[in-house]
Structure formats: C-alpha cells, structure tokens
Amino acid sequence: MTSSVQLFSYFSPYSSTLVETGTYLGDGVSRALQAGFKKVFSCEINAELVERARGIFDINTVEIVHAPSEKALAIFLEKINSRAVFFLDGHAMPESDTSTVFGSSSLLDGDSEDPQTFSPLMVELGLINKHARKDHIILIDDRQCFDTWMFDFLKEDTVKKFVKSINPNYQFSYFDNVLCCYPKNHQLSFKIWFDQIRARIAQRFSKPTNFLTLQFLDFTALLFNLSYVFADKLSSYRKRFRVRNEAR
C-alpha cells in the first residue's frame, strides 16, 4: 500500500470523505485523518484486522466494515451524497510464509461476486459509476500490478477508458505507484508532478546545486500558480460581465 499523508493531502481540499478498500493495519486510515479528512470509510476481509482497527479509531469518524470491497462499497456509497476520494487497494497479494496477519480461518470464504477473481477493481469502478455523483476522485494503488495475475491481467488503458466513460473530463496523474483519476484540474496535476520532480532533484544532486535548482523550480511553480489565479479571476470577471450585459 502506498497511501501517504502527502498523497491524501493533494485531494483533501476537494472532499472531506475518503473511502478505502483494504484496511490492513490501519495505516491508510491514520494517514487520511492526518491529511484532513473528516470521515473515513474502510473495509477489510480479515476479521482480526477489522477488530484491531475498530479498537484504534473513533467510530464517529471512522467506519470499518468486515466485508469484501464490492459489498462494502455498495454500503458506503448509499451514505455518500457529496464528492468522495476512493483509495482502491483491495487486490490479492502473493502469499508470504512470514505473514503474521493473514490467517485463513479469519478470511471470508466464498463471499466475493467471483471467487476466481484476484482483483475487484472493475467491480469497484462499476459501483462508483452507478453513483449519482460523477466527479469522485479515484486513486488506484499498486499500478505495477496491471497486466499481472494480481489485477486479473487487467490493462491500465482499459481502466482509464472505463474511468473516462464515467466522466469524459477525468484526467490522470501518477504519485509513485498510484494512478490518480480526477476531474480536470491542471493546477493540481502540475503540483503532483512538480513535487515529485523536486523530491528527485533533492535526492540526486549536491547541496549547492540543489539550492540553486530548487530555488529556480520554486520560482517557476510560483509563476505557474499565479498564472492560474489570474486566469481564474479573469474568467470569473468575464462571467460576471456577461451576466450583467444579458440582464440589461
């Protein structure tokens, strides 16, 4: 799982609700709360992990359901009326001989819509598609699993096409190995890209080179953001001016 406070912080200004598939040890829930989300829904098929997480988080803020994601999402979506952020991470992973959290006795058996399916991703996206809102933010974790058995050999382009069918205005960005899908927002897209470029430069070069390069990048980002602010204000002014003329 590649959830992080930084990743969630990009999207918390656009929604107060995050839905996560795959609670695991509760790290994703913790990071979502740190990033500023007011309500977090999460689901997990391991009963031990569900009870553990329920003992950690405030039930008024965090709701954790013991169910496969395709069933849990249907429950969550009935409670959601505004835009939400969906962090989809409910796929299968290779078995580990050293794992201490996955016990076969605590896993739900035969409760998936298709027991032969290793990834519920397309079912999850289908449920999101049926919701009245068509502007949800969708974060798909572990994109390196596309075209592997863990994603049922599903191709990334297939998923992108389906997301575009929900709303043609969706655009895509990458944060580490997370595919981020959200309604068109060039300023947000630039920020996600810029922060990763900045982090790579900070790791790669010497301190003097870092300082000069990062100063230049920060100045460039400032100009870019100011241009967006100016464009938004100009667009708002033009709309008001048009309304006034039509009212005369």
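The values are calculated or read from the model by the stated rules, or taken from the named source; none is laboratory data. As the structure is a computational prediction, the values presented were derived from the model and not from experiment. Cβ coordinates were reconstructed from backbone atoms using ideal geometry, including for glycine residues, and neighbour counts include every protein chain displayed.
Things worth noting here:
- When region 45-93 is limited to residues that are touching a His at 6+ places or on another chain (Cβ under 9 Å) and of a type in the set (V, I, T), the one that is surrounded by the most Cβ atoms within 10 Å (Cβ to Cβ) turns out to be V85.
- Of all residues in region 130-186 being acidic (D, E) and under 17 Å from the mean Cα position of the chain (by Cα), the one that is farthest from F118 (Cα to Cα): D135
- Residue in region 45-61 that is closer than 21 Å to L125 by Cα and either at pLDDT below 95 or within 16 Å of the chain's Cα centre (by Cα) (or both) present: yes
- In the set (1) at pLDDT below 95; (2) part of a helix (DSSP H, G or I); (3) farther than 26 Å from F146 by Cβ, the condition left unmet by K71 is number (3).
- Residue in region 183-193 that is at pLDDT 60 or above and more than 23 Å from R83 (Cβ to Cβ) present: no
- One residue from V19, V40, V50, V29 being in a helix (DSSP H, G or I), in contact with a strand residue (DSSP E or B) (Cβ under 9 Å, 6 or more places away or on another chain) and within 22 Å of H131 (Cβ to Cβ): V29
- Residue list for region 18-32, filter: more than 19 Å from A72 (Cα to Cα) and crowded, with 20+ Cβ neighbours inside 10 Å: R31
- Filter result for the condition that a residue is assigned by TED's automatic domain parsing to the domain that holds N129, over 30 Å from Q187 (Cα atoms) and touching a Phe, Trp or Tyr at 6+ places or on another chain (Cβ under 7 Å), over E70, E20, E63: E63
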